[in-house]
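**Student:** One structure, pasted below without further comment.
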Amino acid sequence: MRNTMNIYKRKDGRFEGRIPLGYDNKGRLKYRYLYSRNLVELKEKMLSAYAESGNPTSNTCGKTFRELCCEWLASAKLRVKHTSYCCYEKLIKKHVIPYFEDIGYGELGTPIINAFAEYKLKHGKINGKGGLSAKSVHDILVVMRSVAKYAEREYGYRNPMQNISMPKSENKETDVFNKDERGRLQNYLQSNLTESNLGTLLAMYSGLRIGELCALMWNDIDFENGVVRVSKALQRVSDKSGDRKTVITVTTPKSKTSVRNIPIPAFVLDILKQNKRCDSNFILSGTNKPIEPRTMQNRFKSVLKECGIRSANFHLLRHTYATVCIESGFDAKTVSELLGHSNVNITLNRYVHSSMEMKKKCVDRLNLVA
């Protein structure tokens, strides 16, 4: 039984079920209510009544897909973080609405939605040059699925996203910095201890996300216990309240599990102590004004160039940290908690990359007859 048949338990102990029956003269959805003290009995009553009604709302939809997308965005704005809302808004306004324009929601079906997904895979980029990745199209379809569930729940409309298959992503193994590159990078950072280089060294040995590092202040370092406390992240998000299109904001990290304490190696802690600034200053800037991730990304690439290391995104430090932890004998659960992941599978599937050297060491220890 789907959301079009809502069941609630009343305070008097009875179960109440409601079935959409169509619309009144003002366009408001009408319901039929059924009651029973037995849940199984109520479901049987509802299935019978639902079949008799012929599901009158399944094909009667006076709203456009655009209208429902805007309604869903308005509801999402009240319950999700501003950064998440900005992401949803961008996907809908840059990809979904321009494609479907004012198409009626009742016209949506599997062929139309599949054609949309295929188009985005081939021609999805805003500048018209090439298609989006399977991951990007997957994210768009997930948002569309949420809109469809909203329409089903609020208006009793049929859900056109039920039979949509998500595009298959290729599991490309992400590269990591090798031992030689790590050595050259660390030697350069320790020999040139600017604020941003100090932060990069800390990220090498903590696996911090770039937004978490940019929001880090000196009072987030617990020198007594040798840990860095992660409780916030810095991001640039869209802003419609003023003249600027975007604004830098310090918010909570990516998820609840991202709020964590990360132990710091003793030698890194000593370097931090020697270069400590005022508690209220940001580590990367040395002042009370932060440096945004885009600036830090550019500084990091400049450092790599100085070291003669291939160009790479700052996030590769996080991949490298996770991989080296596993190679050093850390169990997956520990690495997952250090990275702030919600479950171990994310750590193993996205961040842990077994090198050929590591595989050979494991095979060398193999003895099938011992």
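**Student:** With everything on Cα atoms, drop me the angle between helix 110-123 and the longest principal axis of the chain, reported from 0 to 90° to the nearest 10.
**Tutor:** Approximately 30 degrees, to the nearest ten.
**Student:** So which lysines pass the test for Lys301, namely a Cα distance under 27 Å, with those fewer than 8 places away in the same chain ruled out?
**Tutor:** Lys125, Lys129, Lys135, Lys172, Lys179, Lys232, Lys245, Lys254, Lys273, Lys276, Lys289
**Student:** Would you mind checking the tilt of helix 65-77 against the longest principal axis of the Cα atoms of the chain, expressed as 0 to 90 degrees and rounded to 10?
**Tutor:** The helix 65-77 is inclined about 50 degrees to the chain.
**Student:** Which label marks the calculated value of volume of the Cα convex hull per residue in Å³, given the options [x] 238; [y] 251; [z] 132?
**Tutor:** It is the value labelled [y].
**Student:** From the helices alone, meaning DSSP H stretches of at least four residues, give me the mean residue ellipticity at 222 nm for the chain, per-run term -39500 (n - 2.57), in deg cm²/dmol to the nearest 500.
**Tutor:** -13000 deg cm²/dmol
**Student:** On a straight-distance basis, which lysines could pair with Lys45 in a cross-link, Cα separation under 26 angstrom, same-chain partners fewer than 8 positions away excluded?
**Tutor:** Lys9, Lys11, Lys30, Lys149
**Student:** Over the chain, what relative contact order in percent results from Cα pairs under 8 Å that are six or more residues apart?
**Tutor:** Details: 486 pairs, mean separation 45.4, N = 370.
In percent, rounded to a whole number, it is 12.
**Student:** Looking at Asn187, Phe177, Tyr157, which one has the Cα that reaches farthest to the positive end of the dipole of segment 155-217 (charges on Cβ: Lys, Arg +1; Asp, Glu -1)?
**Tutor:** Most positive-ward Cα: Tyr157.
**Student:** Continuing with the same structure: To test your reading of the geometry: what angle, between 0 and 90 degrees and rounded to tens, separates the Cα axis of helix 39-53 from the longest principal axis of the chain?
**Tutor:** Roughly 60 degrees, rounded to the nearest 10.
Each value in this text was obtained by applying a stated rule to the coordinates, not by laboratory testing. In this text, all values refer to a predicted model and were calculated from it rather than measured experimentally. As a convention, Cβ positions derive from the backbone with ideal geometry for all residues, glycine included, and neighbour counts pool all protein chains shown.
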